[in-house]
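The values are calculated or read from the model by the stated rules, or taken from the named source; none is laboratory data. Just so you know, these numbers come straight off a predicted model, no measurement behind them. Glycine gets a Cβ as well: all are built from the backbone with ideal geometry, and neighbour counts include every protein chain shown.
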Amino acid sequence: MVASSKKHSREQREARERLRQYTARASVHESTIARRKRDNVLAIGVGLAIIALVATAQVFYFSSGPGTPEPAPSFTPEAEATEPGNVGDVPDLALAEARTWTGELTLNDVVLGIELDGAAAPQAVSSLVDSASSGYYEGTTCHRLVDTETAGLIQCGSLDGTGASDPNYAYGPVENAGVGGFYPAGTIAMARTGDDAFSNGRQFFIVYDDAIIPDDNAGGYSIVGQVVSGLDALQSEIVAGGIVDDAQDGAPVTATSITGFTIQ
């Protein structure tokens, strides 16, 4: 009986040991499975986070970052820079024919022989030739006389008698201006508005005494030709009468108008 009891006790101990080992293994197995589940969940979460981060980075790169596409060219027409140009029925400069034109300009009863240089000032000479041929100048006035220590000239061709510019007729640019602002006696040159090279019109001036006329921001004044005869008569019959109010620059006391202008 004693031997049998010992055997039974041993079997019970062995059974308890096997149960303990089984329980331990089961516990380890369950722990491993749980850990793997946690690892899988964590891996999935990290993967999703990485995917979201990459997607966000790509959106930034192609929308506002260095990968932003160049903007497509616009087809909206841009405003073109405007250049000054001629106004009105200004004749083509080819009309001057790059030659010397001769003619007579009559102020009151004073006949001036003139020559125009179509090669040196083609646009201005074309304008003068066209205007004279159309009869524009006959009856217009010489509204301004200048008599100073540095200049002597008479300005003519004012349609309204005041010297106002014609808003419907203007051209440019300045051609053949006096070198260093010097315009010798006998010079015929175009009048214009100050600082505007495209404001030449039909008014011109005749220099009866050497003149220094400084350039302005637009340059000088277009010399179109010269008086070749009659300058002395101009001085004695018109200039000698003086200027209204004994001024140095103003209307001539001897009312003066263009009574004839022929060009060949």
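Observations, loosely collected:
- Checking each residue of the stretch 132-151 against the condition of being of a type in the set (S, T, N, Q), over 28 Å from Q235 (Cβ atoms) and surrounded by 12 or more Cβ atoms within 10 Å (Cβ to Cβ) gives at least one match.
- Answer from T150, T162 - the residue that is out of contact with any strand residue (DSSP E or B) (no Cβ under 8 Å at 6 or more places or on another chain) and in a loop (DSSP other than H, G, I, E, B): T162
- Listing of strands (runs of 3 or more DSSP E) fully contained in the stretch 186-264 that carry 1 or more residues being more than 17 Å from G103 (Cα to Cα), aromatic (F, W, Y) and in contact (Cβ under 8 Å) with a residue 12 or more places away in the chain: 204-209
- Filtered residues of the stretch 165-185 (kept if among the aliphatic types (A, V, I, L, M) and part of a loop (DSSP other than H, G, I, E, B)): V174, A185
- One residue alone among T150, T162 is farther than 21 Å from V111 by Cα and at pLDDT below 95, and that residue is T162.
- Hey, N168 surrounded by fewer than 16 Cβ atoms within 10 Å (Cβ to Cβ) and under 22 Å from A120 (Cα atoms) or not: no
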